[in-house]
Structures are given as structure tokens and as C-alpha cells.
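Asks: Below you will find the structure I want to go over with you.
The values are calculated or read from the model by the stated rules, or taken from the named source; none is laboratory data. What you are looking at is a predicted structure, and each value in this text was computed from that prediction instead of being measured. Here Cβ is always computed from backbone atoms with ideal geometry, including for glycine, and neighbour counts include all displayed protein chains.
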Amino acid sequence: MKTIMRNLFIAAGLFFAVNVSAQEAAPAAKVSDFHVGDTIVIKKDHERYLTGEKMSKWVYNVEHTIQQVRGKRFPEGILIRGIYSWVGPDDIVNKTTHPAAAAAEQAAKQQAEEDAKKAAEEEEARRAAAKKAHQDSIQAAQEEAARQDSIATAAAAATAAETARQDSIAQAETARQDSIAQAAEEQQKDSIRQAERDSLLQAFYNKQEDPAYVITRELKPNSECDRFTIGLRGGVASLLQDMDQTFKDGKWNVGFDVMLDLQYAHYWKKFGKKMQYGLIVGVGAGFARSHVSGAVNDQFRINTSEGPIEYTVTSDKVKEYDGQIQVEVPLMFSMIHENGFFLNLGPRFTLPVYDVYNQSINKPEINAMLYPEEVPVKNELVTGVVKDDQAESTGKWNASKLNIMLGAEIGYEFTFKNHNSLGIGVYGNYSLYSLYKKNDQSSSIIDIAEAPSSGKNAVVTVIPATDAYGKGVGYFDVGLKLAYHFNWWKEVIK
């Protein structure tokens, strides 16, 4: 690590020294020093255009050509071809008239990159040596552990042999006792069956209809059961997963959902007298909502009869709430322990039946650049205007037509004297597959719906920030569940 830091400091020093040399080589520039067609490079310590917009990283250390010197909006500005943005004379170096300064700028960047690469290679070599030493120590410890295990295994084998001998003696005695008990039980059953046959035969001979002469048996609940459930659940949920590229720096916020469930289940006999297994089907309905927030800084271009117009769209804050009323159809495998604990697991098929959004945008602004004149324009006839009723909009968003989720529920049930029960637990669902097909949308949240024409204002619209569902993170919800179960246990003769 010390080697890396030393190399980085050396690289930084070289970069600073070369950069100072470059600055000394280029005297204070004036607009008159530059001409249309000159080749220039942008200085690395300048970050914004004269319009206030931040420069992208790719514009540095690249040769550019001057398109225009001085303009109506920027009398002391220089327009760069290809970027079509204005810079000041102190922001650039004229490679045509000061090649040494431009070369120094490029040399500083290359030297810094080479020093950083060398430092990274040295650190990688050091880590490889440390990893090999660590692996050698692990191998030595494993060999010693294997030797100790062989000694312990021999001792354990002797102990196991003696334990097996004692167990065989105990098992033989247990088998003898079981055979005696089984014989006694069979003898008792035979005597009961004989008494029943004698009683029925006596009742037949006496031709009596009195129920007292009918042999009855005690009834008990069987493990097989039919169940109808009314449940209510609620918790946190997510609808927003894939936002438009113009809103990629936005923040996704978790929301909530509330659902009412009506379910039918059938449970089969217990296995091992501990656990019951069943299948749950039904239908649920409820509402889910979440939202996204962030800012917009976007550019796009449209073509008009008078030439192309490049738009720059900005806004301080955008917030959108998305919600949907949805229907769910579960098909879940269920397990209930005799102590009351339960686990339900399986797919849920979600069908959104109504989806809406509510969006607000603070301080929207639209600027335009008219080509081929390359003149900035701020006129409602060209740029349009976003009014208050457009900055706050509502409508339907593009939701999934079918969403398949994997659901899980776990909790505990309280059984009442009437054989019904009350269950409480937690649930969670996660989207596995969605039939949603993404539709093409505008490249900006604020859009020019209709291009300007002679004497006619441009028409500005506001569109949703969300343009997909069930993708990326996927739909999910998690929360608490409360359910009341009506149970119908089948009965058999004991």
C-alpha cells in the first residue's frame, strides 16, 4: 500500500509539473487569438461551458475545431464544432498557435496513467505473494489435522464396537418385551370381537329393536380436513423497477400494499402423526403503491420544416407515485405441525386490473438550439412552455398484464374449542416472471408533443417517469398476515 501511495504521489507531482509548464507555455488568451477552423483542446481544470452546463469527461485530451468566434449571447465566447457549446478563451488551448502547450496537456495525462498502471501492477504482485504464503500455511495445518483425526478415529472405533455389543443385548430384551405385550393386546381384541358377535347374535334371537342392544363405537377426528379461510395482510411493497434512461439517477422508494384473501384448502392425513400436508387455492384483491424521485437533466432533438432543434430539459425535482389495484390467485403447498406452526409455499399469479400514477415536477425549464444557425433560442414559439397544470399530472402507467410471483408464509395457529383456528404470521412474495412488453417512450420526462410551426406555439407534455414493471429488482412485498380458518374435520369410527 505504501508503494502505491508513493507512486501516486510521484505521478501527481509529475502531472502538476507538466501542467504548470503547459500553463506557462500558453500566455493569457484573448478571443482575437482564435479563428474559425483552428484546432484546440479543452483545459482539464475547466469543468463547465459558458451556459453553465457541466462538461463530460470525454471532451478532455481530444482535439476540437472552432465553429464560430463570438456570438450574440456570448460576445467573448467560442463555439466548438461537434459539441455545439460555448467556451471562453481561458478554457481552451489553441493547438494551431501553441502546439507546445497542447502537447504538455497530453503528456501530463499519459504520464499520470503510466504511473498509476505501474503502481497497480506492483500491488498485484504483492497480493499474489501474500496469498501463496497463506495457502501454504493452510495446507500445513490441514496435514496436521488429518494426522490427529486418524488417531481419534482408531479410538472411536474401539468405543463403538463395545457400544454396539451393549446395544444388541438391550435390543434383544426390548424385542422380547414387545412380543409379550403384542400377544396380550391381540388376545384382548379377540375377546372384544367375540363379545360383540355374541351380543349381536343374542339381539337377533330375541328380535329386539331397542338401541341398547346395538353395539356402538367411539368417534374421533380424522387427520383429513377441509378449510375455508378469510385473511388480511399488509406491509411494504415495490412497483418501480426499471426507470427511463433520462431518469437513471433517480431514487427508488419502497411503498406499501394491503390485500384481502379468500382461500380454500384441503389437508390429507398426518404423516408420522406430526405433520399435515395440504394444497391452498383461492383469490385475493388489494392495492399496492410505491414511488420514485429525483431530478432531470436531459437533451433530445426534433426535426422541423425550418431545420433541426436541439432541446435541453432541466428540473429541480420530480416525484411520481405509482399504484395499482391487483387480483392474486395463489396455488400453494401447505404444511401444519401438530403444535400449531405452519408454512405455505408456492406461486401467486398477480393480475393488475387498474394502475395509475400521480406526478409532480418542480421548476421545469426548456431551452433550445436552432440549427443550422446554431443560435440559442428561448422563445415559447420554439421551446414551448410547461404550465402549472402540466407540471402536476395523473394518468395510467405501463403495468404488467400478468405477474408470476413466488410466495411464502410462516406463522402460528391458535385452535379453538369449536375446531376453528386463528393464524398469525409473516409473508413475502417476489416476482419471477412478467408478461410485460416494454413500449417505446420519449427520451425525456418533459417532451415536445408537437413541433412548432409558423406562428404556432410548440406543445409541451409531461409523461410518466416509470416505463417498465417486473424487471430488474422485480415486484416484491413483505409484511404481516392475520387469518381466521373455518375447519371441517372428517370423522371415522375409532
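Asks: State the number of residues belonging to segment 388-411 that are exposed (fewer than 14 other Cβ atoms within 10 Å of the Cβ) and either polar (S, T, N, Q) or in contact (Cβ under 8 Å) with a residue 60 or more places away in the chain (or both).
Replies: Adding up the residues that qualify gives 2.
Asks: While we're here: Would you call Leu262 modelled with pLDDT of 70 or more, surrounded by fewer than 14 Cβ atoms within 10 Å (Cβ to Cβ) and in a strand (DSSP E or B)? Give the steps one after another, and end with the answer.
Replies: On the way: modelled with pLDDT of 70 or more: yes; surrounded by fewer than 14 Cβ atoms within 10 Å (Cβ to Cβ): yes; in a strand (DSSP E or B): yes.
Against the criterion (modelled with pLDDT of 70 or more, surrounded by fewer than 14 Cβ atoms within 10 Å (Cβ to Cβ) and in a strand (DSSP E or B)), Leu262 qualifies.
Asks: Anything in segment 454-483 that is of a type in the set (S, T, N, Q) and modelled with pLDDT under 80? List them, or say none.
Replies: Those that are of a type in the set (S, T, N, Q) and modelled with pLDDT under 80: Ser454, Asn457, Thr466.
Asks: Hey, does segment 366-385 have a residue that's of a type in the set (A, V, I, L, M, F, W, C) and over 30 Å from Gln68 (Cβ atoms)?
Replies: No: segment 366-385 contains no residue that is of a type in the set (A, V, I, L, M, F, W, C) and over 30 Å from Gln68 (Cβ atoms).
Asks: Of the conditions (1) loosely packed, with under 14 Cβ neighbours inside 10 Å; (2) modelled with pLDDT of 80 or more; (3) charged (D, E, K, R), Lys437 clears all except one; give me its number.
Replies: Just one mismatch for Lys437, condition (2).
Asks: Could you tell me which residue of segment 308-350 is modelled with the highest pLDDT, considering only residues that are among the hydrophobic types (A, V, I, L, M, F, W, C) and buried (at least 17 other Cβ atoms within 10 Å of the Cβ)?
Replies: Checking each candidate, the answer is Met332.
Asks: Show me the strands (runs of 3 or more DSSP E) found entirely inside segment 39-100 where at least 3 residues are of a type in the set (A, V, I, L, M).
Replies: 39-42, 78-80
Asks: Being modelled with pLDDT of 80 or more, over 30 Å from Gly479 (Cα atoms) and part of a helix (DSSP H, G or I) narrows it down to one of Glu173, Glu196, so name that one. Walk me through how you get there before you give the answer.
Replies: Numbers: Glu196 fails: modelled with pLDDT of 80 or more.
After ruling out the rest, the residue left standing is Glu173.
Asks: Condition check: modelled with pLDDT of 80 or more and loosely packed, with under 13 Cβ neighbours inside 10 Å. Does Phe486 satisfy that?
Replies: Working: modelled with pLDDT of 80 or more: yes; loosely packed, with under 13 Cβ neighbours inside 10 Å: no.
No, not satisfied.
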